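So the structure is just underneath, and the comments pick up after that.
Taken together, the values in this text are just the output of simple stated rules run on the coordinates, not laboratory data. Bear in mind that the values here come from a model prediction, so they are computed numbers and not experimental data. With ideal geometry, Cβ positions are generated from the backbone for all residues, glycine too; neighbour counts draw on all protein chains shown.
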Amino acid sequence: MRFRAKIVDVACLNHFTRVINTIAKLAKTCTLRLTVDKLYFILTDKVANGGVSMWCELSQGNFFDEFQMEGVAAEHNEIYLELTPENLSRALKTAQNAKTVKIKLTNKHCPCLTVAVELPSLSSSSRIVTHDIPVGVIPRRLWNDFREPSVPDFDVSIYLPVLKTMKSVVERMKNLSNCIVLEANLNGEMNLKIETDLVSVTTHFKGLGNPPWVSEDGSQNSTQDRDPESMAEARIDIRKLLQLLAGQQVNPTKALCNIVSKRIVHFILLHEEVSLQYFIPALA
């Protein structure tokens, strides 16, 4: 089992750092899945127990100048590692002006992701700063616990407003309640609502648009039979929503959410070669 990768391009390094910083804001620990073509950062808190889950997918060719890996076996050419993304984020903070960054899987008393940052120097020799990040190797028998979550059979899918605007609204609302109602319809309308015994506050967004979803068999999603004015809603933990909005550093070109009434809100953020899915379960 081997893994080594190298980033030389500054723009790629900065983009990769932003992705890792976002992951670090969303998960204390997560699973890093490595394949020949992609990296995945996975959080699988049990939604049934009120936990969020996350699936972030990166195409390695858009970030790394070199990328080599050998999985646990020829027929299972993948590696699954458990890591603390904050540790990787801290290591990359030292790489702001780096000439190169190398990441490899090593074994130093325990399995580690070793990040070697080559910094420019006034002398002919370079300075290398090395970070050893402890990781846990996840055995093959547990891999099925980390499969991509399926897109839920939603009632409404809608594009999100500008995330900074949405974040400032939710930040103000969090002082009023621990939960927020997110509702939307097929007319491109979305509301954020706080309802308590003392106060009722609603922020309305209009003209957002609804994504055209086509299922695997080529048919339109079942939402086409739904009344466009009818609102689908879910009441969710406001801190979990704010965690997603506040931690966002990827600047997605497309952001949307799918609502399964009274069950779950599924967020999808897309930016060229990065996709991030985030699931927040509804409160009872």
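At-a-glance table
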{"item": "³J(HN,Hα) computed for each position of the stretch 131-145 - Karplus, 6.51 cos²θ - 1.76 cosθ + 1.60, integer Hz, glycine/proline x", "result": "10, 9, 9, x, 9, x, 8, 8, x, 3, 5, 9, 4, 5, 6"}
{"item": "Interchain or long-range residues, amide H under 5 Å from residue 53's placed H", "result": "279"}
{"item": "Within the stretch 257-273: backbone nitrogen closer than 19 Å to the residue 239 label point (7 Å, Cα to C-beta)", "result": "265"}
{"item": "C-alpha center-to-center spacing [the stretch 254-269, the stretch 18-40] in angstrom", "result": "20 Å"}
{"item": "Extension gain (nm, one decimal) between residue 204 and residue 129, 0.36 nm per residue minus Cα-Cα", "result": "22.0 nm"}
{"item": "Amide hydrogen neighbours beyond the local backbone of residue 38, cut-off 5 Å, H modeled", "result": "60"}
{"item": "Inter-centroid distance (Cα atoms) of the stretch 42-94 relative to the stretch 148-171, Å", "result": "23 Å"}
{"item": "Mean residue ellipticity (222 nm) of the chain, computed from DSSP H runs ≥ 4 via -39,500 (n - 2.57), nearest 500", "result": "-5000 deg cm²/dmol"}
{"item": "Most mobile listed residue (87, 191, 175) in the chain, GNM with C-alpha springs under 10 Å", "result": "175"}
{"item": "Estimated vicinal HN-Hα couplings, Hz - the stretch 275-282 in sequence order (Karplus 6.51, -1.76, 1.60; Gly, Pro = x)", "result": "10, 10, 10, 9, 10, 10, x, 6"}
{"item": "Normalised convex hull volume, the chain, alpha-carbon set, Å³ per residue", "result": "156 Å³"}
{"item": "GNM top mover of 237, 145, 132 - the chain, alpha-carbon springs below 10 Å", "result": "145"}
{"item": "In the stretch 2-145, lysine pairs with alpha-carbon atoms under 22 angstrom apart (chain gap of 8 or more, or interchain)", "result": "17"}
{"item": "Amide H contacts under 5 Å for residue 64, placed H, 5+ residues apart", "result": "none"}
{"item": "HN-Hα J in Hz across the stretch 195-211 - Karplus 6.51, -1.76, 1.60, θ = phi - 60°, x for Gly and Pro", "result": "9, 10, 5, 9, 8, 9, 10, 9, 10, 9, 10, 10, x, 7, x, 10, x"}
